[in-house]
Amino acid sequence: ILFFLEGILMGKTTGFLDYNRKVVPYRDPKKRINDFNEIFTDSPVEHLKEQSARCMDCGVPFCQSSSGCPIDNLIPEWNDLVYQGRWKEALDRLHKTNNFPEFTGRTCPAPCEGSCVLGITDPPVTIKNIENAIIDKGFEKGWIKPQPPSFRTGKKIAIVGSGPSGLAAAAQLNKVGHKVTVYERADRIGGLLMYGIPNMKLDKKVVERRVEILKKEGIEFITCTHIGEKENFDNNHINNIMEQNGCKLSYIDPKILLNENDALLMATGATIPFDPTSNNPGRNLNGIHFAMDFLTKNTKSLLDSNFENESFIQVKDKNVIVIGGGDTGADCIGTSLRHGCKSVVNFELLDRPPFERASSNPWPEWPRVYKLDYSHQEHKEQKGSDPRHYHIMTKEFVGDNNGNIKFVRTVELDWSKPTPNGPPWSEVKNSIKEWPVDLVLLATGFTGPEQKIADMLDVKMQNPRGNWKTFIGNHGEFTTNIEKVFVAGDCRRGQSLVVWAINEGRGAARSIDQYLMGETSLPAPGISQG
């Protein structure tokens, strides 16, 4: 009976009972901390077959629902194909919903695993490992090749921003025959993928490999070009970084792009940093930097000269404090350790998460539980502890006589005692502490996109977050109040995951194609094609 069932059901019928969850390990932290190579390792095919066999043929695959994968990856299907050894078909299924599995397989925190049905009672399927293995094998076997469209529609589209949202939209629109030009103000294509995520999590050769395919498929990329006014330059930290490091910017009025193209897609990201310490005493001291400036300069120096030009923010033998957690905070820790910092401490505003799901955080929600990210593991291996300190709020920056940061003064928070008519915490009495520091990195997120370009186009903004405002109209939810102008990605929905950016780009492409042609064959976000 089991033999018969295995012929018609997904995977191995009893796989989730026969095999335990085993993730593909990262490289040894003692070794990887000495370089900026990717932290990932390869895994034997037999291991991947066993792990894919754990996919339990559940009646409703929540892993590919809205609570799981934002692009509705056909996870049970390619799990089954990997179990059967049908890797080429698994790759085809993966590409039907995801333009760039090599990006998501490396950078996504895997909300699909948090909503895996098996995770109700057992550790979930190692979906992220399997996805990464499928796409890597596809490149290894030479299965992934440029596929230029067989015809051109004569329609021209300009896309501002080459992050995952802009690239996904470009890939989809080019696929149906439109002429697509992508504008990027940095010197390399990729946006967040290139300069926001450090090399050890996403090797830039992986990004460049995909960009080369997109070029051969007919997409044009223009770098070192800022869409907006030059007068805005002095207030733009990313522009400053690029100009200071050899990327001489050109400037184009967005109205020119709008007039010269049949559609304009803004995929500029959310690049205005949020600074909760802006009113703190001592905020103007030397040695306080935004995390994205730190990470961008580091990656650019690595790619330009393997750090020989020393145009990055130095942390060697320094005491570093990272304010703010999440992926960006973890990346600042990992980068600081690799550069030989004396110490690194991470302040988290919230309490430490529980080790298991709380009753207020049921399946299939993303599990808000205590985890060691790659850099936390590295710190624990090298320094003997988790670098994170919880329920800590920065009160003041204290400097030396030369205007350099010397101490950070903090207070502990009690989240169980909200302040009447105030914040949802109270300060713990007698908990003021001074932390010696040479460098402070603010990994506190972003408030939204830069607004000048919206003003130049008369595009409305949302309040209070300041994202670009879109409307649900005849051509989907990515349209603005200005004819021919569309918006997608973090500048529309706020800072989020790479996989959400891909979802946004695919959705915007569908809206634009429908606007231009009156109909579209492009799938809605999260729906496979073919």
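The values are calculated or read from the model by the stated rules, or taken from the named source; none is laboratory data. Predicted model, so just to flag it, every value in this text is computed and none were measured. A quick note on method: Cβ atoms are made from the backbone with ideal geometry, for glycine too, and the neighbour counts reach across all protein chains shown. Please note that ligands, DNA and RNA were not included when accessible areas were found on the heavy atoms of the full protein model with its side chains. Shrake-Rupley method; radii C 1.70, N 1.55, O 1.52, S 1.80 Å.
Some observations on this one:
- When restricted to Cα atoms, the chain yields an Rg and a Dmax of 23.7, 80 Å, respectively.
- Computed per residue of the chain from DSSP H runs no shorter than four, each worth -39500 (n - 2.57), the mean residue ellipticity at 222 nm is -9500 deg cm²/dmol.
- For region 325-365, trypsin sites (Lys or Arg not before Pro) meeting the loop criterion (DSSP other than H, G, I, E, B) and having at most 15 other Cβ atoms within 10 Å: K342.
- Working note: Debye formula, equal point scatterers on the alpha-carbon atoms of region 41-88, no solvent; log10 I(q)/I(0) at q = 0.15, 0.17 Å⁻¹ is -0.43, -0.54.
- Taking every alpha-carbon pair under 8 Å whose residues sit at least 6 apart, the chain reaches a relative contact order of 16 percent.
- Over region 246-348, relative contact order from alpha-carbon pairs under 8 Å, at least 6 apart, %: 20 percent
- Members of K342/K383; K145/K216; K342/K429; K96/K137; K204/K318; K96/K469 lying beyond 21 Å, as alpha-carbon distances in this model show: K342/K429; K204/K318; K96/K469
- Cross-link reach list, lysines versus K248, counting only Cα pairs under 17 Å and skipping chain neighbours closer than eight places: K230, K297, K300
- Of all accessible heavy-atom area on the chain, the percent that carbon and sulfur account for (1.4 Å): 49 percent
- Taking every protein chain into account, the 1.4 Å probe leaves Y26 with about 90 Å² of accessible area, to the nearest ten.
- Three-way shape label, region 316-469, alpha-carbon gyration tensor, a/c 1.5: rounded
- Peptides 310-316, 443-449, 125-131, 330-336 ordered by average Cβ neighbours within 10 Å, highest first: 330-336, 125-131, 443-449, 310-316
- Segments 115-123, 177-185 sorted - mean Cβ within 10 Å per residue, highest first: 177-185, 115-123
- Whether region 1-127 is rounded, prolate or oblate, judged on the alpha carbon gyration tensor where a/c under 1.5 counts as rounded: prolate
- Rolling a 1.4 Å probe over the protein chains gives E220 an accessible area of about 80 Å².
- Kirkwood-Stokes translational diffusion coefficient of region 120-203, alpha-carbon pairs, 4 °C, 1.567 mPa s, µm²/s: 83 µm²/s
- Using the 1.4 Å probe convention, the accessible area of the chain works out to 44 Å² per residue with neighbouring protein chains retained.
- Solvent-accessible surface ranking, highest first, for E102, E396, E434 at 1.4 angstrom: E434, E396, E102
- Packing rank of 381-390, 88-97, 190-199, where each peptide gets the mean count of other beta carbons within 10 Å, highest leading: 190-199, 88-97, 381-390
- Three-way shape call for region 65-153 based on the alpha-carbon gyration tensor, with the a/c threshold at 1.5: prolate
- Separation between Cα centres of region 360-426 and region 460-525, rounded to whole Å: 35 Å
- Size of region 417-505 as Cα extents on the principal axes (Å, biggest first): 59, 36, 28
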